[in-house]
Amino acid sequence: MLKNLETRLMSAGEAIVRTLVANGVDTVFGIPGAQTYPIFDALDRAKSSIRTIGTRHEQAAAYMAFGYAKATGRLGVYSVVPGPGVLNTTAALSTAWGASQPVLCVTSQVPRDYLGKGRGALHEIPDQLATLDSLIKWAVRIDNPADAPEIVNEAVRVATSGRPGPVSVEMCWDDLATSEMVGLLPPADLDPHPEISKAELKKAADMLIAAERPMIFAGSGAQHAANEVLALAEELKAPVTAFRGGRGVVSEDHELGVSSLAGHDLWRECDVLLGIGSRLEMPYMRWSVDMFKEQSQPLAPPHLIRVDIDPKEMERLVPHVPLVADSADGAAALLGAVKGRRTPPDGAVERIKKSKAWAEEKADWVKPHKQYLDVIRDVLPRDGFFVEELCQTGFTSNFAYPVLEPRTYVSCGFQGTLGFGFPTSLGVKAAHPDKPVVSIIGDGGFMFGVQELSTAAQYNLGVVTVLFNNSTFGNVRRDLRKFYKGRTIATEFRNPDFPALAESCGVAGHRVTSPDELKPVLAAALEKDEPALIEVIIDKNTERSPWRYILMFYDDV
Ligand SMILES: Cc1ncc(C[n+]2csc(CCOP(=O)(O)OP(=O)(O)O)c2C)c(N)n1
C-alpha cells in the first residue's frame, strides 16, 4: 500500500499534474480546451517544475510526446480535449504503439450526465474509452479527484513497464473541475523484470556455442541494453544489425555494427539468429519470404533465439529458443553462459568487414540521397539526433546513414506514418535542448505538420529541418508510374515557397541544390542552435529508388 505524501483540497486537474510531477515528468505538450482547463490551469501554476509546450495541432502534441519518449526512454506526455482532439492524435498514438514507446495522453470527456447518451454533448463520440483502448496499451477513466494519483500512477506503470506503450487517462468535464481532499502519492513502482528460464538459457547458450556464423538483430527494445549487447557480440564475434528501431545499439563504426544492407548479406550465411527486443520484421517478413505470406514458425537454418520481455512475441513469431527477459538481462545472462566456451571461427571479423564495405559501395547508387546523407552524417556530431521520414532520403537512411549512438536514430517503425518526422523532432529537441537535432523530410510529409514551424519559433526549439522538395509524393508517384502505366493521379504538388514560409513563421529559411551546397549551410544552422529550414531542390525524374536495398531486389535490377 502506497503512503500518502500530502493530503489537501485540490481539483482533479491539480491532482493529475502533481502526480505527473511526482513521476519525474518535466514537459507536457498540448492544446487546452473547455474540458481540460483544470489541467492547464494546474500546469500554469506548476510552471517551475513542469514545462508546457503549446502546439498548433493536436497531432503534433502527440508526436512531440512520442519524440520525447523515443529520444529519452522516459514517459512522453500530452494533453488534448476529448473527441476530435483525441482523434487528431490517433496516428501518433498508433505510432507510439507500433514503436513500443511510453506515451501518456491526458484528456477529458463529456459531462458525466451525458456519458453514453448520444445527445450531442460537445466533443462526444460514441465510446471514447473503448476506441482508445482498442488502439493502445491501456485506456482508463478516473471518476473522482481522490482516485487520480493512484490511477495516474497505474497508467505510468503500464506505459513504462514490460514492453512500453501508449496509455490514456480521461475524466468527465465536470469531474475534472471538482475539488476534494486528495492524498498525493510517491511515484509509481515499475514491474520487476521477468526471471530468466535456466533451461531455455542453457539451450540458447549451447546453440550459440555451436554456431559457425551467429548474428544478432537488435530492435527498439534493446536501446537501453547497448553495453550488454555489445559485450555479448564481442564474445561471439557476431555482427549486430538492425533496420530502424535497433539502430545505434551497436555503433556502425564498430567492427561488429552493420547496416541492414550488410546484415542481409551476412544473413544468407547465418546459422543462428539472435533477436533482441525486435519483431524481426526484416528477416521474417521481407528477407526470407514473400511479403504477403506470413511465416510464424521459421525453419532452421538459421536457428532462431529470441530475447523479448513480451511473452506474446514468442507466439507471434515462434523461435527455436524463447528467452522471455529484459534485453539487458537476457544479453548479460547469455554472455555469462557462453563466456570462454566458444572459439569464433577464423576470419569472422574479416567476413563482416567485407560485407560492410560491399554495402557502403552499393548504397552509393542511391543518388542523390546517399550523398546528402553523407553530408548530414559528416556535419552532425555522433550524439546528434536524426529523425527519419517516409521520403526518399528517409528510406535511404534506413540502410545508408550510419548510426553511432543509442536512441539517436528516431524512426516511426513499422507504422510508416507519413508526416510524423517534423513534429516528432520538436519533441526530441524539447527533451535534449543541448543536443543537435536534424529532421529530414519530403515536401509531402512536411505539409502534414507545417504549422509547427510557429511552435519551433515560439519555443526556440532549434531543430534543423532538411526538406527534400521534389514537388510530388515521390514514393507514390514512382509506384504508380511503374505499376499503373504512368497514371499518377493526386501525386503532384503546387508547393509554397518553403524558405519564405519558414521566415514568415520566424524560422530561418534556406535553399540549396547540391550536397556540397548543403554542407556549410547545415553546419552554420546547427552551430546557431535555432530553428531553421533548409530546402533541398530535387529533380523527381532522376532520383533513384532506395527500395532495391530495403526489399533486397538488388540482384535483379
Ligand atoms: C499517414 C500516411 N499517409 C500516407 C502514406 C503513404 N505514403 C507513403 S510515402 C508517401 C509519399 C511521400 O511523399 P514525400 O513526403 O513528398 O516524400 P518523397 O517520397 O517525395 O521523397 C505517401 C503518400 C503513409 N505512409 N502514411
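Normalised by the residues of the chain, what does the relative contact order come to in percent, with Cα pairs under 8 Å and at least six apart?
It rounds to 14 percent for the chain.
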Lys/Arg +1, Asp/Glu -1 at C-beta; the range 1-150 dipole; positive extreme among M10, A71, L43: A71
Counting DSSP beta bridges with both ends in the chain, the antiparallel % (nearest 5): 10 percent
Spin-label pair R316/K202, simplified geometry with 7 Å Cα→Cβ offset, distance in nm: 3.1 nm
5 angstrom amide H check on S197, placed H, neighbours 5+ away: V324
Mean separation of Cα contacts under 8 Å (6+ apart) over length of the range 24-119, as relative contact order %: 31 percent
For D253, solvent-accessible area (1.4 Å; no DNA, RNA or ligand), Å²: 90 Å²
Cα centre as origin, Lys/Arg/Asp/Glu Cβ charges: the chain dipole, Debye: 960 debye
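In whole percent, and with a 1.4 Å probe on the protein chains, what portion of the accessible area of the chain is carbon and sulfur?
52 percent
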Calculated FRET efficiency for the pair T72/S454, C-beta based, R₀ 30 Å, to 0.05: 0.75
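Multiply the residue gap between K367 and E154 by 0.36 nm, knock off their C-alpha separation, and tell me the result in nm, one decimal place. Don't jump to the answer; show the numbers that get you there.
Details: separation 213, 0.36 × 213 = 76.68 nm, distance 4.92 nm.
Once the chain is fully extended between K367 and E154, it gains 71.8 nm.
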Amide H within-cut-off set for V318, under 5 Å, with H built and near neighbours excluded: Q297
Nearest-10 value in Å² for the accessible area of Y68, using the 1.4 Å probe: 10 Å²
Ranked order, S327, S134 - accessible area, probe 1.4 Å, largest first: S134, S327
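The values are calculated or read from the model by the stated rules, or taken from the named source; none is laboratory data. From a predicted model like this one, the values you see are computed outputs, not experimental measurements. Here Cβ is always computed from backbone atoms with ideal geometry, including for glycine, and neighbour counts include all displayed protein chains. Please note that ligands, DNA and RNA were not included when accessible areas were found on the heavy atoms of the full protein model with its side chains. Shrake-Rupley method; radii C 1.70, N 1.55, O 1.52, S 1.80 Å.
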